[in-house]
Amino acid sequence: MESATEAISKLGINGDFASSVPNLHKNLSLLSPDQIELAKMLVAMEQSHLFNHWPEPGVDDGEKKAFFDQVARLNSSYPGGLASYIKTARGLLSDSKTGKNPFDGFTPSVPTGENLSYGDETFVKFEEAGVKEAQNAAFVLVAGGLGERLGYNGIKVALPRETTTGACFLQHYIENVLALQEASCKVTGGQSERDIPFAIMTSDDTHARTMQLLESNKYFGMKPAQIKLLKQEKVACLEDNDARLALDPQNKFRIQTKPHGHGDVHALLYSSGVLEEWQRGGVRWVLFFQDTNGLLFKAIPASLGVSATKGYHVNSLAVPRKAKEAIGGITKLTHTDGRSMVINVEYNQLDPLLRATGNPDGDVNCETGYSPFPGNINQLIMELGPYFEELKKTGGAIKEFVNPKYKDASKTAFKSSTRLECMMQDYPKTLPPSARVGFTVMDAWVAYAPVKNNPEDAAKVPKGNPYHSATSGEMAVYRANSLILRKAGVQVEDPVRQEFNGQEVEVWPRVVWKPKWGLTFADVKKKIAGSSSISQKSTLALKGRNIFIENLSLDGALVVESGDGAEVKVGGSVKNKGWAIEKVDYKDTSVPEEIRIRGFRFQKTEQLEKQYTEPGKFELKA
Ligand code: UGB
């Protein structure tokens, strides 16, 4: 039987580099010259453990070749290749192990930005300006994340934002962009409506199912050409402080991979040519947002108005943040050499930075009951011109970090494999001091209610901190809509506090409306007249544009659906048994996952439901 050494020398391959890796050495004859080069790189980067379990030639040869196909992909999709990835990882892992302060030399202070109060005169002015500007905007949804903390098996954008109508996050986002598109055209008296571009960053984990969700729902009313899916590549996982690449637990002939972080969106928009296309198409603003914040579009018109009015190159939307809340803090960092920047300091970095710069208590609330640093909710608005110019310089590369979950304080071993990540909100780090970087603060009740935590972890958040769960996400929609109707003059009964999956939340009347019914506060006010009231147990779903509430007294469930040509006046006393809330335990697998993770469902006992599909003026008077 010909030895491995004979086999490879016959092929003119010098296998000396693998002499210390016998299982690789004996399989070299299977590999192409390119694969041999990759094998050399892996051995040189001390990744020989990847071949420890490799059998004799003739066994699993297909898998061995597939392994190198994957290595080739990982090598080509990362600037500088895998060797550069491993080198960068070693540096960042050693800094993380030693607890090196990533902001060495910088002192944090509270920056100044635009503080908005929902519904007041200034807010309404900024909303008007934002709607006017919207036709020059493009939207970018980053939706490549696995959602490990949520533990939901589906893609997060397919989750119902609320279960009164069941509209999922992606439907809600698309309907908001379409409503903005139409409203912006109308207020500028535009002849032709410009299609607002909508890009979605996906990953291997979310791409196919996002596509399927769009196709099986006719793109939720958007023109298919208006939507672009950009898939981010994954990066290799690291199993220890020496940046040894981790093998895939499901297949030992594969390297485990995970998404590289939402920071990839900048390089992807640049390298795909989408930004250039948008610039040619006259786009002026690029709005970035995340996958499960069901309140976000209530804050977008005003924050876009702030960007346009203030001429911000970068405008981050922020909310008052509780200390220790898992969102970054918008911070002004001033270096001993005089440099300064307004930047997000991520939630795992803020406490060590504060302790290292003369704040012995670290990340704590101040007299307001909140952290002095506004909370970053990763809703970013870039002015396309300066943004594109900057990306021409950087290619969209964003400074990386590593956030290993250590087994214990010795930081010698990881709970699970980690990877290098980058964050989209770090874009301003490379900007010149002349760049106009600002932020807009709004109350969390109107702007921020993400769905990130599974029920168990949500129930464990520090008392008084938001749960960031499917329960709090849905209940926040009802609270925001109820408070907005109150501000518009409707008597909305107070909420009751109830517990679902161990989380105590305020349960307001279940009020929901289509984006085109109430895009801005001014829109809502136009649709409310006279004296109306809604009891706490009620459900109100407004699924149409021209539905006018006048002297309505609601104590039960009312669902009104209307076509664009129909004008419906709703009034009088609507009283019925309504839709009761029934508790569901998240462990009860007989209930669909997207329902049991929120801990409740509706018993639709009785409702008044009316549809007006024909054009015309109608009155629904009970
Ligand atoms: N995402 C991707 O598209 N690709 C990836 O590789 C990773 C994520 P997480 P995170 O909401 O308040 C951010 O995991 O990163 C998408 C900010 O950093 O939900 O822990 C993913 O699909 C933090 O400052 O959040 O924290 C999702 O849409 C704060 O703003 C989005 O990126 C926090 O969000 C965010 O991913 C927040």
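Of all residues in the range 33-55, those satisfying the criterion of being at pLDDT 95 or above, part of a loop (DSSP other than H, G, I, E, B) and either among the aromatic types (Phe, Trp, Tyr) or open to solvent by 20 Å² or more (accessible area, probe 1.4 Å) (or both) are Met45, Glu46, Trp54, Pro55.
Taking the conditions (1) in a loop (DSSP other than H, G, I, E, B); (2) open to solvent by less than 10 Å² (accessible area, probe 1.4 Å); (3) under 21 Å from Val265 (Cβ atoms) in turn, Tyr312 satisfies each one other than (2). Can we say Glu175 is under 28 Å from Asp264 (Cβ atoms) and either in a helix (DSSP H, G or I) or within 15 Å of the ligand (Cβ to nearest atom) (or both)? Yes; evaluated as a whole, the condition is true for this residue.
Among the strands (runs of 3 or more DSSP E) confined to the range 231-273, the ones with at least 2 residues that are within 11 Å of the ligand (Cβ to nearest atom) and of a type outside the set (Phe, Trp, Tyr) are located at 234-236, 257-259.
Report yes if Glu367 is buried (at least 17 other Cβ atoms within 10 Å of the Cβ), assigned to a loop (DSSP other than H, G, I, E, B) and not basic (Lys, Arg), otherwise no. In short, no.
Here is a yes/no grid of residues against (1) free of Cβ contacts under 8 Å to residues at least 60 places away in the same chain; (2) among the polar types (S, T, N, Q):
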residue: Glu6; (1), (2): yes, no
residue: Asn23; (1), (2): yes, yes
residue: Leu30; (1), (2): yes, no
residue: Asp34; (1), (2): yes, no
residue: Lys40; (1), (2): yes, no
residue: Leu82; (1), (2): no, no
residue: Leu92; (1), (2): no, no
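I need the full set of residues from the range 307-336 which are more than 19 Å from the chain's Cα centre (by Cα) and either under 19 Å from Met424 (Cβ atoms) or within 13 Å of the ligand (Cβ to nearest atom) (or both), in order please. Within the range 307-336, Ser307, Tyr312, His313, Lys322, Thr331, Leu333 meet the criteria. For the range 419-455, filtering for residues that are of a type in the set (Asp, Glu) and part of a helix (DSSP H, G or I) leaves 1.
Annotation: of all residues in the range 59-77 being part of a helix (DSSP H, G or I) and without any contact (Cβ under 8 Å) to a residue 12 or more places away in the chain, the one that is surrounded by the most Cβ atoms within 10 Å (Cβ to Cβ) is Asp69. Is it true that some residue in the range 460-475 is part of a loop (DSSP other than H, G, I, E, B), on the phi > 0 side of the Ramachandran plot, crowded, with 22+ Cβ neighbours inside 10 Å and touching a residue at least 40 places away in the same chain (Cβ under 8 Å)? Looking for residues that are part of a loop (DSSP other than H, G, I, E, B), on the phi > 0 side of the Ramachandran plot, crowded, with 22+ Cβ neighbours inside 10 Å and touching a residue at least 40 places away in the same chain (Cβ under 8 Å), one finds at least one in the range 460-475, hence yes.
Looking at the range 147-157, is at least one residue of a type in the set (Phe, Trp, Tyr), open to solvent by 10 Å² or more (accessible area, probe 1.4 Å) and away from the ligand (no atom under 16 Å from the Cβ)? The answer is no; no qualifying residue exists.
Contact map, the range 149-160: residues that are closer than 9 Å to Asp291 by Cα paired with residues that are part of a loop (DSSP other than H, G, I, E, B) and among the aliphatic types (A, V, I, L, M), Cβ distance under 6 Å, separation 6+ or inter-chain. Pairs shown: Val157/Ala143. Residues that are of a type in the set (A, V, I, L, M), in a helix (DSSP H, G or I) and surrounded by 20 or more Cβ atoms within 10 Å (Cβ to Cβ) were ranked within the range 180-212; the one that is nearest to the ligand (Cβ to nearest atom) is Leu180.
The values are calculated or read from the model by the stated rules, or taken from the named source; none is laboratory data. Model, not experiment: these values are computed from the prediction. A quick note on method: Cβ atoms are made from the backbone with ideal geometry, for glycine too, and the neighbour counts reach across all protein chains shown. Each accessible area value is taken on the protein alone, full model and side chains, heavy atoms only, with ligands, DNA and RNA left out. Shrake-Rupley method; radii C 1.70, N 1.55, O 1.52, S 1.80 Å.
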